[in-house]
2 protein chains.
Amino acid sequence: MNNLLKYIHSLTAFSDKSWELLQPALNKKELKKNEFLLKEGQVCNSLFYIDDGYCKSYYEIDGVVKNTGFFFENDIATNVNSFGNGLKSEFNIIACEPLTVVVFDKNKLFQAAKQAIEIETLGRNCIRLFASKQEEFANLFKIYSAQERLEYIETKHPEILQRVSLSQLASFLGVSRETLSRIRKRRTLS
Amino acid sequence: MNNLLKYIHSLTAFSDKSWELLQPALNKKELKKNEFLLKEGQVCNSLFYIDDGYCKSYYEIDGVVKNTGFFFENDIATNVNSFGNGLKSEFNIIACEPLTVVVFDKNKLFQAAKQAIEIETLGRNCIRLFASKQEEFANLFKIYSAQERLEYIETKHPEILQRVSLSQLASFLGVSRETLSRIRKRRTLS
DNA sequence: AATGACCTGTGACAATCGTCACAAAATCAC
DNA sequence: GTGATTTTGTGACGATTGTCACAGGTCATT
C-alpha cells in the first residue's frame, strides 16, 4: 500500500486518521494476465489503483477488439459512467500483464468520504485527473491527423509505446494495424 | 440562479446553508455573441455554468479553427486541465449566442468547499459528469467511423445538431466540412 | 530443433477523405 | 426588400485509409 499512500499524498493533504478511515474500502488484489477487472454488462462498483503491471479498456464490436485506454502504475482505472450512474459497462477492462491493484469499493468509499472531507477531496482529485486525461485524448482526434496523433504519443506518452505492442496501439489511435505500420514507414523514408 | 439551484439539487443533497456558503463564489454574467469565456494562454480559474445560450471550446491551429466541445444549458464549461493544475489553456471558449452564465470562482469555491462537505461533493459530481462526457466522446473516435459518429450524435445528442451548424459540427466530428456534407448525401441515396 | 502463438510489414485494390475551387441556398443587417 | 455574409453542396483529383492475403520475425515452450 506504500505506492498508493504516496500517490494520495501527491494529490491532496491526507491525515493518518483519513488513511485509517479509508482502509475498510481498500482491497489489494493480484490478477493474472488476461483476467478481467471489469466485464461488459457488469456495473462498475470499483476504482482500481494500478500498483504494478498494466491493463487496458476495450470494446468488442462484431468480434473486433477496439482498445480505448491503457492504465499503468499510479493510474486509476474505472468506467466513470458506470461507476457514477450505476449503468452497465459497455466495455471491458483486462490485465495485460500480471497485475497488482488496490480495489476501492464504491459503497465503502462513499461511507468513508462522509466521515472525512479529505477523502471526499481525494475522490474529486482522482476524477479530475481522469477527466483531464480523457479531455486530452478526446481532443487529439479532433485536432490531429493519424500521423500527428502517433507523434503526440511518442513525445508526450512514450511509456505507452515502450510497453504496448503496435497492434494494440493501433485501435487506440483510431487506425488499423496496417495503417499504423505504413505511417511509421512513411516517416523513415522522409 | 434558479436553474443552477435545480441543477445542483439534481446532482447531490444540498442544504440551504451550503447554498448560502456557496454564494460568494458565484457571479452571474452576460456575454455577447463571440465574447470569450477563456482565451488561449490564460489560466482557467473558473467553472462556467451555462444558464442560457451556448458556447464552444476550440483550438486555433495554423489559423484553422478546430472545435472540440459544445456546451448548452445545464452544462459546465471549463478547461479541467488548466483549472486543476494552474496551467495555461491551449484552447479558447467562446459564446456562440448571447450567453448567460454563472461563474464559479476557483479560490472562493475551494474556500467554501472547506466549510461544507456538500460543496466538495458537488464539485466531485460536476467533474464526474464532465469526465463521463469526455470519455464518451473520446471513445467515439476509437470505435466508430466518421459516418457512425454522425449517426451517434444524431441519436444520442440531437440537441447539438439542432443548434450547431454543420460547418461547426465537422471539426468536432474530426472530418472536413466537405466530407460531412458527402456523408449526409451518401446516406440519403441509400 | 521443432512447434505454435503473436507481432510486424507489405502488396493490391477499393473506399474514404482532404483540399481547392466554385456555385447555390439560407441567413443576417440595414 | 436588398445587398452582404454565412452556410451548404459538389466536382475534380491526389492522398490516406481499410481490408484481405500472405510472409517473415520473435519468443516461449516442449
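The values are calculated or read from the model by the stated rules, or taken from the named source; none is laboratory data. Remember, it's a predicted structure, so these values are computed and weren't measured experimentally. In this analysis, Cβ positions are derived from the backbone assuming ideal geometry, glycine residues included, and neighbour counts consider all displayed protein chains. Surface areas here come from the heavy atoms of the whole protein model, side chains and all, with no ligands, DNA or RNA. Shrake-Rupley method; radii C 1.70, N 1.55, O 1.52, S 1.80 Å.
Here is how the numbers come out for the structure above:
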| item | result |
| --- | --- |
| Across the identical copies, how the A:Asn74 labels are spaced - nm, sorted shortest first, 7 Å along Cα→Cβ | 4.0 |
| Over 22 Å (Cα to Cα) - which of B:Lys17/B:Lys114; B:Lys6/B:Lys32; B:Lys133/B:Lys156; A:Lys133/B:Lys108; B:Lys17/B:Lys108; A:Lys29/A:Lys108 fall in this group | B:Lys6/B:Lys32; A:Lys133/B:Lys108 |
| Proximal aspartates and glutamates relative to A:Lys28, as straight alpha-carbon distance under 17 Å, when same-chain residues fewer than 8 apart are discounted | A:Glu20, A:Asp51, A:Asp52, A:Glu73, A:Asp75, A:Glu97, A:Asp105 |
| Peptide A:117-127, shielding by other chains (average Cβ, 10 Å cutoff) | 6 |
| Rounded percent of accessible protein surface that carbon and sulfur make up, region A:88-144, 1.4 Å probe | 51 |
| Per residue solvent-accessible surface (Å²) - chain A, probe of 1.4 Å | 48 |
| Given charges at beta-carbon only (K, R positive; D, E negative), |dipole| of chain A in Debye | 420 |
| Equivalent ellipsoid semi-axes, the protein assembly as shown, via Cα gyration tensor eigenvalues times 5, rooted, Å | 32, 30, 18 |
| Exam field: A:Asp62 pseudo-label spacings to other copies (7 Å along Cα-Cβ), nanometres | 3.3 |
| For chain A, built as a Gaussian network whose Cα springs stay under 10 Å, the top-fluctuating residue of A:Ser89, A:Ser15, A:Ser46 | A:Ser15 |
| Peptide A:57-66 - average C-beta neighbours from other chains (10 Å radius) | 2 |
| GNM flexibility winner over chain B from B:Asn81, B:Asn92, B:Asn139 (Cα, springs under 10 Å) | B:Asn139 |
| Between helix B:177-189 and chain B: long-axis angle, C-alpha atoms, 0 to 90°, nearest 10 | 60 |
| Vicinal HN-Hα couplings computed from phi for region A:57-71 (Karplus, 6.51 cos²θ - 1.76 cosθ + 1.60; Hz; Gly/Pro x) | 9, 8, 8, 10, 10, 6, x, 9, 7, 10, 6, 10, x, 10, 10 |
| Computed over region A:27-93, Kirkwood Rh from alpha-carbon pairs, angstrom | 12.3 |
| Contour minus Cα-Cα distance for B:Asn3 and B:Ser145 (0.36 nm per residue) | 47.4 nm |
| Cα centroid of region B:120-190 to Cα centroid of region B:65-115, whole Å | 20 |
| Candidates A:Thr12, A:Thr155, A:Thr100, ranked by Gaussian network fluctuation over chain A, Cα under 10 Å, top entry | A:Thr155 |
| Inter-chain shielding of A:142-154 (mean C-beta neighbours from other protein chains, 10 Å cut-off) | 3 |
| Label geometry 7 Å along the beta-carbon vector: A:Gln162 inter-copy distances in nm | 5.0 |
| Estimated D of chain A in µm² per second, where Rh is the Kirkwood radius over Cα pairs and Stokes-Einstein applies at 37 °C, 0.692 mPa s | 184 |
| Computed E for B:Val103/B:Asp62 - FRET, C-beta separation, R0 25 angstrom, nearest 0.05 | 0.20 |
